[in-house]
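Asks: Dropping the structure in here first, questions after.
Since every read-out is calculated from the coordinates, none of them should be taken as a lab result. Since the model is a prediction, treat every value here as computed from it, not as a measurement. Cβ placement follows ideal geometry from the backbone for every residue including glycine, while neighbour counts extend to all protein chains displayed.
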Amino acid sequence: MRGLLITATDTGVGKTILSAALLAAMKRAGKHARAYKPVVTGLTDPTEILARGAWPADHELLALAAGMEPEDVAPLRYGPAVSPHLAAQLAGERIDPVKLLSRASDARGDDAEATLIVEGVGGLLTPLAEDYSVCDLAVALGLPVLIAARPGLGTINHTLLTLMVARSAGLGVRAVVLTPWLAVPTALERSNRATIARLGDVAVEGLPVVTSPAPADLARAGAELASALGLTR
């Protein structure tokens with residue numbers, strides 16, 4: 001399968017915006033792009049709703065960027081802001097790893113030229129089912145990963161740990177993306193970027209601030225990164 005799995009060092013790091021920016025940039029460049037998020041949680045949580053503000057929920061933003069229907073992007077959707085396996089338990093359900101894989105194929109559709117952007121949930125070790133993590137899904141899909149990370153204090157440790165998990169599982173890491181990467185980063189942020197690149201032996205990119213969920217704004221923010229990753233060539 002042709003594509004990327006977008007993971008992160010933690011929840012709330014910016015991987016949805018990163019995923020949407022890449023999708024929008026690809027679409028604007030005339031490339032075939034599809035989106036898949038195996039599970040969405042927190043849809044009815046007041047804190048999550050307040051934090052989103054005017055921005056749509058994760059699967060709705062991805063759908064907007066990819067030109068898809070939200071339910072096709074994320075077939076599994078839950079209200080509480082908890083880990084996927086617990087959200088399913090609270091709903092009296094169990095998430096089936098086999099179905100997660102088949103739904104990824106469904107999201108890609110019959111378009112042989114499409115690049116599938118899979119947005120994970122939380123970090124690589126987040127459990128999707130009782131004994132099945134985001135990392136397991138990435139391995140089963142055979143996709144390289146892109147790691148979203150914060151640019152500020154604490155990101156070195158979190159990012160290097162994520163790199164260690166990915167590589168120990170045999171996953172290819174395309175790059176680490178610091179988000180948001182300001183036009184004038186602080187000395188700490190510049191040092192963090194250089195240190196992660198050196199200690200992690202990895203390419204480190206930055207995603208500019210995305211001003212709105214409009215596809216045009218997402219595409220502008222993601223254009224340089226999508227080109228660097230070879231997604232729009």
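Asks: Extending each Cα 7 Å along its Cβ direction at Arg2 and Asn157, get the distance between those two points in nm, one decimal.
Replies: For the pair Arg2/Asn157, the computed spacing is 4.2 nm.
Asks: Continuing with the same structure: Report relative contact order for the chain in percent, whole number only (criteria: Cα-Cα under 8 Å, sequence separation at least 6).
Replies: Numbers: 471 pairs, mean separation 67.1, N = 233.
Reported relative contact order: 29 percent.
Asks: Which net charge results when you count Lys and Arg as +1 and Asp and Glu as -1 among the other residues whose beta-carbon is under 11 Å from that of Gly222? Before the final figure, lay out the partial values.
Replies: Numbers: positive: Lys27, Arg28, Arg220; negative: Glu205, Asp217, Glu224.
Computed value for this residue: 0.
Asks: Relative to the present Cα-Cα distance, how much length would full extension add between Asp110 and Asp201 at 0.36 nm per residue of separation? Working shown, then result.
Replies: Working: separation 91, 0.36 × 91 = 32.76 nm, distance 3.66 nm.
Computed gain between Asp110 and Asp201 is 29.1 nm.
Asks: Calculated from DSSP H runs of 4 or more alone, at -39500 (n - 2.57) each and per residue, what is the 222 nm mean residue ellipticity of the chain, nearest 500? Present the calculation step by step, with values, prior to reporting the outcome.
Replies: Details: 10 runs with 103 residues, N = 233.
That comes out to -13000 deg cm²/dmol.
Asks: What is the local net charge at Glu113, summed over the other residues whose Cβ is closer than 11 Å to its Cβ (Lys, Arg +1; Asp, Glu -1)? Mind dumping the intermediate values first?
Replies: Working: positive: Arg2, Lys31, Arg34, Arg108; negative: Asp110, Asp111.
Once positives and negatives cancel, what remains is +2.
Asks: OK, next. Could you give the length gained by full extension between Arg94 and Arg233, i.e. 0.36 nm per residue of separation minus their alpha carbon distance, to one decimal place?
Replies: Details: separation 139, 0.36 × 139 = 50.04 nm, distance 4.03 nm.
Contour length minus Cα-Cα distance gives 46.0 nm.
Asks: Hey, another quick one. Show me the three semi-axes of the equivalent ellipsoid for segment 3-228, from the C-alpha gyration tensor (sqrt of 5 times each eigenvalue), largest first, rounded to whole Å. Present the calculation step by step, with values, prior to reporting the outcome.
Replies: On the way: eigenvalues 123, 82, 66 Å².
After scaling each eigenvalue by five and taking roots: 25, 20, 18 Å.
Asks: If the cut-off is 22 Å between C-alpha atoms, which lysines fall inside it for Lys15, apart from same-chain ones fewer than 8 positions away?
Replies: In chain and number order, the partners are Lys27, Lys31, Lys37.
Asks: Hey, can you rank 111-123, 87-99, 152-164 by average C-beta count inside 10 Å, highest first? Intermediate values should be presented prior to the final figure.
Replies: Numbers: 111-123: 20.4, 87-99: 14.3, 152-164: 16.8.
Put in order of decreasing packing, that is 111-123, 152-164, 87-99.
Asks: Quick one: P(r) of segment 118-218 from all Cα-Cα pairs, 10 Å bins, percents rounded to integers, in order of increasing distance.
Replies: The distribution over segment 118-218 is 15, 43, 31, 11, 0, given as percents.
Asks: Oh, and also: State to the nearest 20 debye the size of the charge dipole of the chain about its Cα centre, where the only charges are +1 on K and R beta carbons and -1 on D and E beta carbons.
Replies: Numbers: 21 positive and 23 negative charges, 152 e Å.
With only Lys, Arg, Asp and Glu charged at Cβ, the dipole is about 720 debye.
Asks: Please list, ordered by chain and number, the residues whose modelled amide H lies under 5 Å from the amide H of His32; skip anything fewer than 5 residues away on the same chain.
Replies: Distant-sequence amide H within range of His32: Thr115.
Asks: Further question on the same structure: Viscosity 1.306 mPa s, temperature 10 °C: Stokes-Einstein D of segment 1-63 from its Kirkwood Cα radius, in µm² per second? Please report the intermediate quantities before stating the final value.
Replies: Details: Rh = 12.9 Å.
The estimated diffusion coefficient comes to 123 µm²/s.
Asks: Please turn the phi angles of segment 194-199 into ³J(HN,Hα) values with the Karplus equation 6.51 cos²θ - 1.76 cosθ + 1.60 (θ = phi - 60°), one per residue in order, whole Hz, x for glycine and proline.
Replies: 5, 5, 4, 4, 6, 6
Asks: How charged is the neighbourhood of Val210? Take every other residue with its Cβ under 12 Å from the Cβ of Val210, and add Lys/Arg as +1 and Asp/Glu as -1.
Replies: On the way: positive: Arg220; negative: Asp217.
Cβ neighbours under 12 Å give a net charge of 0.
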